[in-house]
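Report on one structure; see the data block that follows.
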Amino acid sequence: MGGYFTFYVRNRSCWAFSAVGAIEGLNAIETGKLINFSEQEILDCELSGDCNMGWVNKAFDWVIRNQGIASADDYAYTGNRGACKASQIQNNAFSTIDSYYHVEESDNGLLCAVAKQPISVSLYASQDFHHYSHGIFDGPNCPVNSKDTNHILLIVGYDSVDGEDYWILKNSWGTRWGMDGYMWLKRNTNKTYGVCAINAWAYNPVKFHGRNPSISSTLDQQ
């Protein structure tokens, strides 16, 4: 019962999970410290989105305006929109971003971005996507050369097997979906926007160097 509940709730908040995951990944690369930030704060406070759908770039805009985001421990996920508590809960000192970019809409553009950090991406999740279990998914039922999307995930890497290239995607539907919550999606195709429009709406958050506190000094204050 609990597993199915997680599948359903996190499906509806995919945009918040993808945006926060991209910030967590960037933070880990910049500081060497992986900290879980609050998806719930995005869901409660970024009011242009809701539990059904939102926009990653709007989530990044909100984090920039708020000068950071709380940790997941301090602002826990409930799966339902509530009152925004941003003014009551302190931001994590490492959670700031300074800007974000829309990644070039091509396999090479996305590859260059993913080589540096996890990237928030949208795609068209067809019925067979929902039932994905393993292997390289090539989106046989996705619209061809279309920018239409209906789901948001996080690209965390790329690889090849038996001469076939693929993206490594992290979903927000729990570990019972796919390969422990992950998917391999075919890359380097002749499709204008990639498989299931994976190249069309990719965003990466940015930190300007010198903006993070030192890890030791921040931990001393906790």
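Where a number appears in this text, it was derived from the coordinates with a stated rule and is not lab data. Predicted model, so just to flag it, every value in this text is computed and none were measured. Note that we place each Cβ from the backbone using ideal geometry, even for glycine, and neighbour counts take in every protein chain shown.
Quick notes
- Modelled FRET efficiency - R0 41 Å, Asn188 with Gln88, Cβ distances, 0.05 increments: 0.30
- Protection proxy ranking of 128-138, 178-188, 38-48 - average other beta-carbon atoms within 10 Å, highest first: 38-48, 178-188, 128-138
- Cα-Cα over 30 Å, subset of Lys58/Lys170; Lys85/Lys116; Lys85/Lys147; Lys33/Lys191; Lys33/Lys147: Lys85/Lys116; Lys85/Lys147; Lys33/Lys191; Lys33/Lys147
- Over the range 13-84, relative contact order from alpha-carbon pairs under 8 Å, at least 6 apart, %: 40 percent
- Computed from backbone phi with θ = phi - 60° and the Karplus coefficients 6.51, -1.76 and 1.60, the 3J(HN,Hα) list for the range 151-165 is 8, 10, 9, 10, 7, 10, x, 8, 6, 9, 9, 6, x, 10, 8 Hz; x is used for glycine and proline.
- Per-residue 3J(HN,Hα) values for the range 140-145, derived from phi via the Karplus relation 6.51 cos²θ - 1.76 cosθ + 1.60 with θ = phi - 60°, read x, 10, 7, x, 8, 6 Hz in sequence order (x marks Gly and Pro).
- All aspartates and glutamates inside 18 Å of Lys207 as judged from Cα atoms, apart from same-chain residues fewer than 8 positions distant: Glu24, Glu30, Asp61, Asp98
- Where labels lie 7 Å past Cα in the beta-carbon direction, separation of Arg81 and His130 in nm: 2.3 nm
- Rounded to the nearest 20 debye, the dipole magnitude of the range 101-204 is 260 debye, with +1 charges on Lys and Arg beta carbons, -1 on Asp and Glu beta carbons, and the Cα centre as origin.
- Cβ-based charge dipole, the range 16-145, positive-most Cα from Ala70, Gln127, Leu43: Ala70
- The slack between Met53 and Asp148, meaning 0.36 nm per residue of separation minus the straight C-alpha distance, is 32.8 nm.
- Normalised contact order of the range 101-204, rounded percent, pairs of Cα under 8 Å and 6 or more residues apart: 40 percent
- Placing +1 on the Cβ of every Lys and Arg and -1 on the Cβ of every Asp and Glu, with nothing else charged, gives the chain a dipole about its Cα centre of roughly 280 debye.
- Contact order relative to length of the chain, as percent, for alpha carbon pairs under 8 angstrom and 6 or more apart: 24 percent
- Identified option (computed Rg and Dmax of the Cα atoms in Å; candidates (1) 64.4, 199; (2) 17.2, 54; (3) 21.3, 65): (2)
- Helix runs (DSSP H) in the chain reaching 18 Å along axis by Cα, Kyte-Doolittle at least 0.0: 14-31
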